[in-house]
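The values are calculated or read from the model by the stated rules, or taken from the named source; none is laboratory data. Computed from a prediction, not measured in an experiment: that's the story for all the values here. Note that we place each Cβ from the backbone using ideal geometry, even for glycine, and neighbour counts take in every protein chain shown. Each accessible area value is taken on the protein alone, full model and side chains, heavy atoms only, with ligands, DNA and RNA left out. Shrake-Rupley method; radii C 1.70, N 1.55, O 1.52, S 1.80 Å.
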Amino acid sequence: DQQVKQNSPSLSVQEGRISILNCDYTNSMFDYFLWYKKYPAEGPTFLISISSIKDKNEDGRFTVFLNKSAKHLSLHIVPSQPGDSAVYFCAASTGNDMRFGAGTRLTVKP
Amino acid sequence: NAGVMQNPRHLVRRRGQEARLRCSPMKGHSHVYWYRQLPEEGLKFMVYLQKENIIDESGMPKERFSAEFPKEGPSILRIQQVVRGDSAAYFCASSPLSMRGTRGTNYGYTFGSGTRLTVV
């Protein structure tokens, strides 16, 4: 049962441009959404989160947008930097459970 | 100020052997979560523990897998009679709060670097 889906396994963008990573979920009970970043041979690192009562949360170059009616969230990175190259996991929580997507591998080309 | 420590980083076991994966949470954290990442897949929840208690093991396979978090010492994920399909990266995370928090709580918790289990 894949309640959190990241349909794009990979994304490649040019340095300085915007990166948009997408995530869809099916469980309307999720009330908190998070993005994690993972480098090879390391554990995931928390990046940014958003509560279901909000539709946008911004932290520096990172902004997460939540569209509850569409059960869709996205992570915008602008401007993208080569150091942003990593796998990005979307996660959703009900407070009792946290489910992760399969991840999107972002490559930012210099 | 160590983060979540997992060891070993790499573990090779022959089919039928036992694998023991250890996780020491961050100082002050009393909640531990284990996740498994199979190749080309996302992180799959396995088990959530507090000290001496298993809170949620709904993601654990019913057989061969067990987990504990004793009063003293690290959390242990134990896999008996390993099979090739157990080969994966196993991540541990810890938090000072239960995921069962109130709205406004940042549920982001801290992951360890993982143990990569290879069954040959």
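Accessible area of A:Lys109, 1.4 Å probe, to the nearest 10 Å²?
Its accessible surface works out to 100 Å², give or take rounding.
So, in Å, what gap is there between the alpha-carbon centers of segment A:54-77 and segment B:1-48?
Taking the Cα centre of each part, segment A:54-77 and segment B:1-48 sit 30 Å apart.
Check each residue of segment A:30-47 and keep those whose accessible area, probe 1.4 Å, is at least 50 Å² smaller with all protein chains in place than in the chain alone; give them in order of residue number.
Flagged in segment A:30-47: A:Tyr32, A:Pro44.
How do B:Met26, B:Met5, B:Met60 stack up against each other in accessible area, from largest to smallest, with a 1.4 angstrom probe?
B:Met5, B:Met26, B:Met60
Classify segment A:2-110 as rounded, prolate or oblate from the Cα gyration tensor: take a ≥ b ≥ c as the square roots of its eigenvalues, call it rounded if a/c is under 1.5, otherwise prolate when a/b beats b/c and oblate if not.
Here segment A:2-110 falls in the prolate category.
Any idea of the total accessible area buried by the B-A contact, 1.4 Å probe, rounded to 100 Å²?
Roughly 1800 Å² of accessible surface disappears when B and A pair.
Using a Cα-Cα cut-off of under 15 Å, which aspartates and glutamates could be cross-linked to A:Lys56, ignoring same-chain neighbours fewer than 8 residues away?
A:Asp31
Assigning unit charges at the beta carbon (Lys, Arg +1; Asp, Glu -1) and nothing else, what dipole magnitude in debye, to the nearest 20, does chain A show about its Cα centre?
The calculation lands at about 200 debye.
Roll a 1.4 Å probe over the protein chains and send me the accessible area per residue for the protein assembly as shown in Å².
50
Can you tell me which lysines have their Cα less than 24 Å from the Cα of B:Lys27? Leave out same-chain residues fewer than eight positions away.
Hits, sequence-local ones excluded: A:Lys37, A:Lys38, B:Lys51, B:Lys71.
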